[in-house]
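The values are calculated or read from the model by the stated rules, or taken from the named source; none is laboratory data. Since this is a predicted model, take the numbers as computed values, not measurements. Cβ placement follows ideal geometry from the backbone for every residue including glycine, while neighbour counts extend to all protein chains displayed.
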Amino acid sequence: MSTSTPQKTLSRIAAHRLQKELAEWQANPPTGFKHKATDDIQLWIIEVTGAPGTLYENEQYYLQVDFPEQYPMEAPQVIFVKDPPMHPHIYSNGHICLDILYDSWSPAMTVSSICMSILSMLSSSTSKERPPDNDRYVRNCRNGRSPKETRWWFHDDKV
Amino acid sequence: MASRISSASKQAELLKDQGNLYFKKERFGAAIDAYTEAITLCSDVPVYWTNRALCHRKRNEWERMESDCRKALELDKHAVKAHYMLGLALLQRECYAEAVKHLEKALELSRGGKPTSYMVEEIWRELAKAKYIEWEVVSNARRKKQKEVREICEKALKEEYEAAVKKLKDKEGKLNDIKQLNDTRISDMSMGEVILIEDDERVDSGEMEADDFQSTVDTSKVSELSRLNLLYKERLQALSEIFNKAGSPDKPAEIPEYLCCGITMDIFRDPVITPSGVTYERAVLLEHLRKVGKFDPLTRADLQPNQVVSNLAIKEGVQAFLAENGQMGSFSSVIIYERWSFGGFV
C-alpha cells in the first residue's frame, strides 16, 4: 500500500502518548487484536482476527496505523494492508469508511478504541461485498492518496 | 545633587544596555565588566545583579552567580530570575532542599505573570529535577537506615527464638536424664525428634512406637517446638510487612489514572473540568477546541473554551501525589514535562 508519508518527528506529547498506549496495549490488549512489533513507534501493524459467530470468524487481516506528528490532536491514518476484508465499508485498497477516523475523531480516542470500532464494524456486516463505489474510489486514490484526504460521506450505520 | 543621581542612574542604565548587547554576542566577560560598572554606579538595582548572575551562569561560575542572586534578593525578594538562578546554583552545591524552596518561589512568582511563558516551563523543569534528586537523596538515606534497623530486628528475633528453643531443650534434657534411668531408648528418640521438629508426620510415627507416657511428653514437646517455630516465622513475616510498608514511599509509584489526562495520558499540571464533568489538561483541551472542534473530547457534548474551569481538587491531588512520591516517581517523567515547551501545545 503506497501511502507514503514523509518521515516526520512526533511532538513530545505524541511520543509520550504513544509510549503509554503501547504499554497499556501490551498489558491489556483488546480481544481479537495483536500488535506486530516493529521498531517504529509511529507505525503500528495490528493483526485482526474476525470475531467468532460473524462472517469473518477466524479470518486474519492486518491494519496499519500511521500516527501524525500532532497525534492525538489529529487522527491516525488507519488502513487495511495486504488483503482487506470484503466489507461494504472497506475499499479494496484498504481504506476504511469509518467516521471516527476522519470527521468524528476525538483526541480522547485511542488505538485500542479504534480497533474495537473496526471489529464491531466487521462483526455487524451481513454481506461480504465491496462498497458500491469501490472502483471509482480506488481509481481516484491511485496516486497513493491518504484516506484522510478523502472527503467522506459516510455510509449509514446499518450495514 | 538630584541631577547627579539621575545622571549616575542614566549612566548605569547605559552600561546595562551595553552589557545586554555583549551578552547577546556571548561576550560574557565584557558583559560582566559592564554590569559591574553599572553596579558600582547604582548598586540598588536588582536587574544589574541578576544580569551579571546570568553571565556567571554561562561561565559556570556558580559561587559568583549565587552571591549575585542573593544580593538581588536582598534588594527585591520577588525577583523571579534571582530565585530561579539561586535555585540552580544551590542545585550545583547539592543543597536540594533549599534549591527546591527557591525554585518553587520562582515558579509561584512567574505564574502570577504570564502563565505560559517560557520561563515557567524552564523553572518547572528544573524544579522537577531538583525535587527528584532531593527525593532520591533523602529516600536513599532512609532506605539505608531502614535496612540497618531491619537487620538488627531480624537478628534479635532470631536470637530470641534460638534462646527459647535452647531453654526448651535444656528443660527436656533434664527430664530425659531422669527418664534415662528407666529407659535408654527414650533419649535416642528425643534426639531424633529434635532434628525432626519440622516434620510432624515422621515424629508422629515415631511416637507410635513409644509407650503412652512417653507419647504425651513428646507430643507436648514437639508441639511446643513447632509453636515456637511458627511464632518466629510469624514475627519475621510481620516485621517484613512493616518494613515493606515503611519503604513504599521510597519506591517509584505508578501515577494513578485519575490524576492523568485522557488526552495526554500524563499527570495533570493544570487540570480543568468541563460541564460534562470530565477533567483535561488545560493547554491540550484548548488546543483541541481550537483545532479539532468545539466539543468535549470524551462525551462529545458541545463545549466552548469559556466553559472550562480549573479543577482545584485534582490539582491538589496531583500536588499531594507528587509530594509523596518524590515529585515524578521516576526520572523519565521529568522529561515528559518538557513537552510543554513544545511550541504547538502552549
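So A:Gln26 clears everything in (1) more than 14 Å from every other protein chain (Cβ to nearest Cβ); (2) outside any helix (DSSP H, G or I) except one condition, right? Which one?
(2)
Tell me, yes or no, whether the stretch A:89-108 has at least one residue that is of a type in the set (Val, Ile, Thr), farther than 24 Å from B:Val292 by Cβ, touching a residue at least 24 places away in the same chain (Cβ under 8 Å) and more than 14 Å from chain B (Cβ to nearest Cβ).
yes
Is it the case that some residue within the stretch B:338-346 is of a type in the set (Asp, Glu) and modelled with pLDDT under 90?
Yes, that holds for at least one residue.
Are there any pairs with C-beta distances below 7 angstrom linking a residue in the stretch A:134-146 that is closer than 19 Å to A:Leu101 by Cα to a residue that is surrounded by 12 or more Cβ atoms within 10 Å (Cβ to Cβ) and β-branched (Val, Ile, Thr), with the two at least 6 apart or on different chains, and if so which?
A:Gly144/A:Thr3; A:Ser146/A:Thr3
Could you pull out the residue among A:Tyr91, A:Tyr56, A:Tyr62, A:Tyr71 that is surrounded by 17 or more Cβ atoms within 10 Å (Cβ to Cβ), more than 25 Å from B:Val284 (Cα to Cα) and over 14 Å from the mean Cα position of the chain (by Cα)?
Testing whether each residue is surrounded by 17 or more Cβ atoms within 10 Å (Cβ to Cβ), more than 25 Å from B:Val284 (Cα to Cα) and over 14 Å from the mean Cα position of the chain (by Cα) leaves just A:Tyr56.
Has the stretch B:240-261 got at least one residue that is within 28 Å of B:Glu136 (Cα to Cα) and within 9 Å of chain A (Cβ to nearest Cβ)?
yes
Out of the stretch A:74-88, which residues are within 14 Å of chain B (Cβ to nearest Cβ) and under 12 Å from the mean Cα position of the chain (by Cα)?
A:Ala75, A:Pro76, listed by residue number.
Take the residues in the stretch B:275-297 that are touching a strand residue (DSSP E or B) at 6+ places or on another chain (Cβ under 8 Å) and away from every other protein chain (no Cβ under 11 Å); name whichever of them is farthest from A:Met73 (Cα to Cα).
B:Thr279
When you look at A:Ile118, is it in contact with a Pro (Cβ under 8 Å, 6 or more places away or on another chain), within 28 Å of A:Arg139 (Cβ to Cβ) and away from chain B (no Cβ under 14 Å), yes or no?
Judged against the criteria, A:Ile118 is not a match.
Could you check how many residues of the stretch B:224-266 are at pLDDT 85 or above, among the acidic types (Asp, Glu) and not in a helix (DSSP H, G or I)?
Of the residues in the stretch B:224-266, 1 are at pLDDT 85 or above, among the acidic types (Asp, Glu) and not in a helix (DSSP H, G or I).
I'm checking my understanding of the structure. Among residues of the stretch B:277-292 that are more than 33 Å from the chain's Cα centre (by Cα) and buried (at least 16 other Cβ atoms within 10 Å of the Cβ), which one is farthest from A:Ser113 (Cα to Cα)?
Applying the filter and picking the extreme gives B:Leu289.
When you scan the stretch B:298-312, how many residues do you find that are within 12 Å of chain A (Cβ to nearest Cβ) and either buried (at least 21 other Cβ atoms within 10 Å of the Cβ) or without any contact (Cβ under 8 Å) to a residue 12 or more places away in the chain (or both)?
The qualifying residues number 2.
Which members of the stretch B:46-61 meet the condition of being in a helix (DSSP H, G or I) and surrounded by fewer than 17 Cβ atoms within 10 Å (Cβ to Cβ)?
Hit for the stretch B:46-61 is B:Lys58, nothing else.
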